[in-house]
Structures are given as structure tokens and as C-alpha cells.
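Please read the structure below before turning to the comments.
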Amino acid sequence: METPIPIRKIIHVDMDAFYASVEQLDNPDLMGKPIAVGGSSKRGVVSAASYEARKFGVRSAMSGVLARKLCDELIFVRPRFERYAEISKMIRKIFFEFTDLVEPLSLDEAYLDVTENKKGNPSATLIAKEIRQKIKEKTGLNASAGISINKFVAKVASDINKPNGQKTVPPEEVISFLETLDIKKFYGVGKVMKERMYRHGIFTGKDLKEKSFEYLEEHFGKSGAYYYNIVRGIQHSKVKPEHTRKSLAAERTFNENISSEVFMLEKLENIATEVARRLQKSKVAGKTITLKIKYSDFTLQTRSKTLPLYISSKDLILENVKDLLFQEKMKDSVRLLGISMSNLNNEAKKKEANPPPEQSIDVQLKLDF
Amino acid sequence: MKFIVSSSYLLKQLQVLGGIINNNNTLPILDNFLFELDKNSLKVSASDLETTITSKLNVESNEKGAVCIPARLLLDTLKTFPEQPLTFTVEDNHTVEISSSSGKYALAYADGEDFPNAIELKEPSATKIQGDILATAISKTIFAAGNDDLRPVMSGVFFQFSTEELTFVATDAHKLVKYTRSDVKASETAEFIMPKKPLNLLKGILAGSEEDITIEYNESNAKFTFENTEMVCRLIDGKYPNYEAVIPKENPNKLTIDRNQFLNSVRRVSIFSNKTTHQIRLKIAGAELNVSAEDIDYSNKADERLTCAYQGDDIQIGFNSRFLTEMLNNLTSDEVSLEMSLPNRAGILTPVDGLDEGEQVTMLVMPVMLNN
């Protein structure tokens, strides 16, 4: 028995060789030449390759050394993430002209739910065309798109007519489209999963479909159930618009329970470093700091305090966490410790009214109106 | 409709009015000057809907009529003429013909009725002030006004009139300027918030003018009348923050220093400050002011020592150098004093000398909370 497929209209927009194309756009000398964005050094990795470079077999995530070996005239370009983010912003603005249901996956791709769109256009295919046209107009870059009834199929479809093309998989073709699809093209099937699927005789969507739910679950666990549904065109995952981060945390579970505070401090230092790194990455700072303690009997305790200032540096986090740790005696030995920062200064960041606190907590004060 | 006018006289007036015209208007009619002719008197207006400014010119004519003439086109043409009489003739085919000694030019015009009417002020109060004084009041304050759309009241300059003095205040919550003139008085108390754009225009027109300007105002609009020009503008709606409450009353630490020396030092040191925070550090002990900055990201560092007069406890306080430079630049005195209480309270910057009788300037700047 088949579950009815919920009909949504999802577009997956993917920029073609985004970083490399931006570099070629900004520097016309690179136009038509094989370029790789990333480092050419011993440990360098290609983060993006232009289509000219791909002809030589250069791929992203390839080591710089290997890429050079494949293509002699390959030009390495240092990545400029601010510039990519700037263009990404322009592209997202275009998306929002059509719908508010935009889920960005990275700087260069996003899912759009256009079932109900601002233009009242019933054809997702035409919308995708318009979006790609607008992107070309505004940024000069090419985008590809996949259009279908769920995120999974849309994502797979966007790869089909790449570069600078689009592919619609209408509801009635979804099942046959998935059946003929090579298993390694399934989003989420990487090198390891592919090998496992092959060993079970699964080479295409059709093979996958012939396996029973129980069989897949037994051999592939949770993802087995996921693929069982996916190949039947069932995916309920909604397009989730980007939301502002409310808190940021890191935690560690220990191999062995710890009872000494001295050891806990050592662990907390690692966790604080991680939290500080994440805060700085998101360019936010937090005012409220929470220490999470899970005891060996799995009971959970949280201790938190709110500071007068936004903090983001490791030292300050650790200093405050220390206070929380020594606030009262541990009830038992501890199996997990976590630090979370909330009350983040997202607003300030958005308005850019005052520059986000840098490495320290130097804060521009305001008159108290 | 036909009139004759001197080219440079017309250009001079139109350039002033042109300042109010936006570069991209949603209403195309606002790209025009409105010409209203009544025999020998020609009224020219320009508007951005918020502000309308009108000048009266003397011309040679005995006709009446009203037309809208494209501003850009007219200004560009007038700029090229050497001084000479120009004849404007409104033709039947919806064009205005200008004839000069060199030739003829035709511009399409729109009907005068299409131009939005200027706001009429109902039951206004009035105050007179010398043009130059108003220009000074504007230039002393306007730089401190904010740009935050979320607090529109702070994007303007607060006019506070009383029977004792006139006060002008601007703030963006980081810095604040209060400019008071006790030598000018209003007949009754009044308060309103003027947007920046018309003030900038007034500042330019009025600088150095010894003529009196009449300010009329009610709850929603203000009108400035001087010589042959009047400007009507919409006020910013809302309540101005209670700025008096944030001016610290007790400031035991007082630094007095040569303004130019201080300004140059801050400028130099700030080059070495962090590029986003522009933060510099003032350390004052005894009769020595230490100005320093550091950009940890680039290992840049600067440190200067200045002699000063200082009363109070040793203090260390951080400031955004851009605010300090702006404020020190705006002052004209030889010496300034900076009064402080605590490193997390506003510093009060005032000129020590060079003020007119009845003139008072108070500048507030909020510090940067230093990490160590």
C-alpha cells in the first residue's frame, strides 16, 4: 500500500562552481581558465574548482598537490569568504522576493518552498527559471535548479542539468525518476554507504525499493527507514527558514565518570575553548552562561548565571564556569559536562549599531535613555 | 506666460532650492521646480514632500501662470551661461522656450497644479533668531545626531525654546551635544525635533548671514522665513529622550588641555587602534595624559604622552577615537576640558575659551568599557 504523496513545490537552487565563478567574475583575467579556490600548499585543499578545471578531473575537497598534478596550468586563488557572503546575500534577497520559506544549506545553495509564493505563480518550473534569470542579472553568475515535490528529489534533480540548467520532476514522475536513479546519486549516500548498498545488491532506486522495510532497518539502521521512504517519494522534512540562534553550547561525555573537580576543570577548559570558538565563528557573544552536569545516575543539573556584559573569550567563559562549578558540592561522580551560552547579542549584530565585541569584552557604552 | 530674468541670479536661487530634490523620486513631479509667476514676482519651489522650499525672485513680466520645469535639465543649462538676461516663454506645445544670446532651448513642462502644495501652518508660534547663530547651532549639533531608523527621534536635532534661552540637542546615544544660547529668547516655551536634511540645507544658506530668520512652528511642522526664501518642513514625530538625566552632575576628575595638541595626538594614536572598535585608552596621572591604542590582530601599538592640567584621582578610560576626533574637531576653542567621574560614565567635553556671550556648548561621550 502506498502512502499518498503530499504535494509541495520545492525548488533546490545551487550556484554553479560558486566560489570559482565569483573569482572569475571579479577578475576577468581568470575567465575561461582552469582555476581552483583554495590552497596549493602541501596541506591545502581545493574548496571549489571552475568548470574548466573540472575537465581535468579537479574536484573540490581534493588536495592542492593532486589537483596541480592533474592540471598543469591550474591557477590557485585565495578564497575571499566575505565576498562570497556578500553575493550570497544578494541571491537570498532574490529568493525572498518569491517566498519566505527559504532554507539556506550553505552560501551557494538553498531550498525554497514555493507552494504558496508571493508572485502567485502556480508553476514552480517558471519560478525557478525566473529566479535563475534574476540571479544572472543581479550577480552575473549561473545557477542550476531542481524542482520537485520534496527536498530530496529537488536536490538530486538540480544536479542533472548542471551547469546553468534546471530539471523538473513532476509528481507523476517522481517514483520512476527515483527508481532509475543510481544509488550513489542519492543525497546522503557517500562512499561508505555506497559500498554497503552495493554489497546488498542495491545499485539503483529500483533495487532499493524491492527491499522490505524490515530488511533495510535491520541492515542500515535508522537510515534504512529513511531510504525506504525516500525511494517511495516520501519525505516530510519541511523547508525551514533560517532562524536566529538563541543559544550556543558544547558538551562532552567522558569515557569514565569523574569525581574530582580538578579533572572536571581540565575538561571544562576544553569545552570552553570549543564554545569560545563557536561564538567567535558566529560572531556573537553571550550574557548568560550555563553549566550542565549529568551525574553517573543520569540525573541532570544546570547552574547558570547572567553577567553584566557580553562575553565570548575562552578565559572569561572558563572563569565564570569555575564559579558555577564550585558553587556547590557535586552530588555524585559526573559522566557529562556542558557549557552553554545564551542571551546572545544577535540584535546588536543585526543592526551593526555597535561593532560586535572582538577578542575581548571591550564594550562601547551607551547613554541610558 | 513669459518673463525675463538674469541667468546668474536665477541660477544662484535654484542651486539653493535644488539641494532639497532627491536623486530618485517616487513621484516624478518632484524632479521639477515649480515656477509661479505673478507679474514682476516669480516664486520658485522645490520639494521632497517632507520639506518644501520657496524663493521669490524679481523678474520682468506682466503675465501670470504656473509651470513645473525639470530641475536637473534647467540647472545644467543655467550653469553654462555667462551672466545675461534669459527669456522664458511658455509655448502652446507644452514646452518652455528659453532664449539666450547664444540660442534657443525647449524643455517639456508639467502643469503647475500637478506640484504638491506646501503645507500651511495652522496657528503657529514664532521666534526670531539671527541666521548666523542658527547656522552655528546646527553645525555644532547635527554631527552628533543618529542614523538609527528604530529611534527616529534621535535622527534629528531637538529644538528647545524657552523665554530664557534657546537650546539645541543632538545625540545618537554614544555621544551628545547640547548647544545653548541665552542671548536669544523665545516668547513662549516650545519643543520640536527637526530632521537632518532641511537643517543641513539651512546651515549652508545661513552661514555668515546677519539677517534675522523667523521660525514658526506648531506640533507637526516648522517654517523658516528669511530674506526672500521660506522653508516649510515636517517635524519628526515623537518624544525626545530626557537628555538632562544622562548628563552626570558630579565629575570630580577634570582634565584641561590644548585642543589641537589633544586632537592631533588622538588622530595619530587612533591609526594604531583596532579597525572596528577604533578604541583608544586615556590614562591620566598627575599632570600627564597618556594616550595609547593597540590592535592585537596586527600587533600595532601606539603610545603618547602629553602634559595637561588635571585635578582628580588617577583614571584610566577608553573611548572610541572617532567620537573624540569628531567632537574635538567641531570645537573651535584653544583649550578644552574633559570632566569625568568613572570609567563607565560619560565624559563631558567643553570648550574653555572662545565662546560668545551667552553661548554654551556641552558635549558628552560615552566610554568604551576596557577589559583590563
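Structural remarks
- Taking the criterion of being part of a helix (DSSP H, G or I) and away from chain A (no Cβ under 11 Å), the residues of region B:263-298 that qualify are B:LEU263, B:ASN264, B:SER265, B:VAL266, B:ARG267, B:ARG268, B:VAL269, B:SER270, B:TYR298.
- Some residue of region A:347-360 being outside any helix (DSSP H, G or I), more than 14 Å from chain B (Cβ to nearest Cβ), under 30 Å from B:GLY146 (Cα atoms) and at pLDDT below 85: no
- Some residue of region A:241-255 being charged (D, E, K, R) and out of contact with any strand residue (DSSP E or B) (no Cβ under 7 Å at 6 or more places or on another chain): no
- Count of region B:27-60 residues, restricted to those that are among the hydroxyl-bearing types (Ser, Thr, Tyr) and over 25 Å from the mean Cα position of the chain (by Cα), is 1.
- The listed residues are A:SER313, A:SER304, and the only one of them that is more than 14 Å from chain B (Cβ to nearest Cβ) and either in contact with a His (Cβ under 8 Å, 6 or more places away or on another chain) or within 25 Å of A:LEU344 (Cα to Cα) (or both) turns out to be A:SER304.
- Taking residues in region A:314-340 that are over 13 Å from A:ALA276 (Cα atoms), and partners anywhere that are of a type in the set (Phe, Trp, Tyr) and crowded, with 20+ Cβ neighbours inside 10 Å, not one pair has Cβ atoms closer than 6 Å while being at least 6 places apart or on different chains.
- Residue in region B:255-262 that is in the same structural domain as B:LEU342 (by TED's automatic domain parsing), assigned to a loop (DSSP other than H, G, I, E, B) and over 19 Å from B:PRO343 (Cα atoms) present: no
- Per-region count, region A:286-299, residues modelled with pLDDT under 85 and either under 29 Å from the mean Cα position of the chain (by Cα) or in a strand (DSSP E or B) (or both): 0
- Entry remark, region B:301-318: residues being within 14 Å of chain A (Cβ to nearest Cβ) and out of contact with any Lys or Arg (no Cβ under 7 Å at 6 or more places or on another chain) number 1 in total.
- Filtered residues of region B:191-204 (kept if surrounded by 19 or more Cβ atoms within 10 Å (Cβ to Cβ) and more than 22 Å from B:ARG151 (Cβ to Cβ)): B:LEU201, B:LEU202
Residue-wise test of (1) among the hydrophobic types (A, V, I, L, M, F, W, C); (2) surrounded by fewer than 17 Cβ atoms within 10 Å (Cβ to Cβ); (3) touching a residue at least 60 places away in the same chain (Cβ under 8 Å); (4) out of contact with any strand residue (DSSP E or B) (no Cβ under 8 Å at 6 or more places or on another chain).
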{"position": "A:LYS267", "(1), (2), (3), (4)": "no, yes, yes, no"}
{"position": "A:ALA272", "(1), (2), (3), (4)": "yes, no, yes, no"}
{"position": "A:LYS281", "(1), (2), (3), (4)": "no, yes, no, yes"}
{"position": "A:GLY286", "(1), (2), (3), (4)": "no, no, no, no"}
{"position": "A:LYS294", "(1), (2), (3), (4)": "no, no, no, no"}
{"position": "A:THR302", "(1), (2), (3), (4)": "no, yes, no, no"}
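- Some residue of region A:232-251 being closer than 21 Å to A:MET330 by Cα and not charged (D, E, K, R): yes
- Selection from region B:217-262 of residues that are on the phi > 0 side of the Ramachandran plot and either free of Cβ contacts under 8 Å to residues at least 12 places away in the same chain or within 14 Å of chain A (Cβ to nearest Cβ) (or both): B:GLY238
- Filtering A:ILE234, A:ILE271 for residues that are outside any strand (DSSP E or B), of a type in the set (A, V, I, L, M), at pLDDT 80 or above and farther than 30 Å from A:GLU116 by Cβ leaves a single hit, A:ILE271.
- Residue selected from region B:319-372 under the condition more than 14 Å from every other protein chain (Cβ to nearest Cβ), assigned to a strand (DSSP E or B) and polar (S, T, N, Q), by the criterion nearest to A:LEU367 (Cα to Cα): B:THR350
Let's see how each residue does on (1) surrounded by fewer than 17 Cβ atoms within 10 Å (Cβ to Cβ); (2) more than 30 Å from B:ASP237 (Cα to Cα):
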site	(1), (2)
B:LEU57	no, yes
B:ASN62	yes, yes
B:ARG72	yes, yes
B:PRO82	yes, yes
B:TYR105	yes, yes
B:ALA108	yes, yes
B:GLU123	yes, no
B:THR136	no, no
B:ALA145	no, no
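- Within region B:147-169, the presence of a residue that is crowded, with 19+ Cβ neighbours inside 10 Å, on the phi > 0 side of the Ramachandran plot, touching a residue at least 12 places away in the same chain (Cβ under 8 Å) and in contact with a helix residue (DSSP H, G or I) (Cβ under 9 Å, 6 or more places away or on another chain) is excluded.
- Which listed residue is charged (D, E, K, R) and closer than 23 Å to B:MET366 by Cβ, from B:LYS223, B:LYS203, B:LYS239: B:LYS239
- The residue that is surrounded by the fewest Cβ atoms within 10 Å (Cβ to Cβ), counting only those in region A:52-78 that are at pLDDT 85 or above and under 20 Å from A:SER88 (Cα atoms), is A:ARG78.
Conditions tested, residue by residue: (1) among the hydroxyl-bearing types (Ser, Thr, Tyr); (2) more than 29 Å from the chain's Cα centre (by Cα); (3) farther than 30 Å from A:ILE149 by Cα.
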| site | (1), (2), (3) |
| --- | --- |
| A:THR204 | yes, no, no |
| A:LYS211 | no, yes, no |
| A:GLU214 | no, yes, no |
| A:LYS222 | no, no, no |
| A:LYS240 | no, no, no |
| A:SER247 | yes, no, yes |
| A:THR253 | yes, no, yes |
| A:GLU256 | no, yes, yes |
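The values are calculated or read from the model by the stated rules, or taken from the named source; none is laboratory data. Everything quoted here is computed from the prediction, not taken from an experiment. Note: ideal-geometry Cβ built from the backbone for every residue, glycine included; neighbour counts use all protein chains shown.
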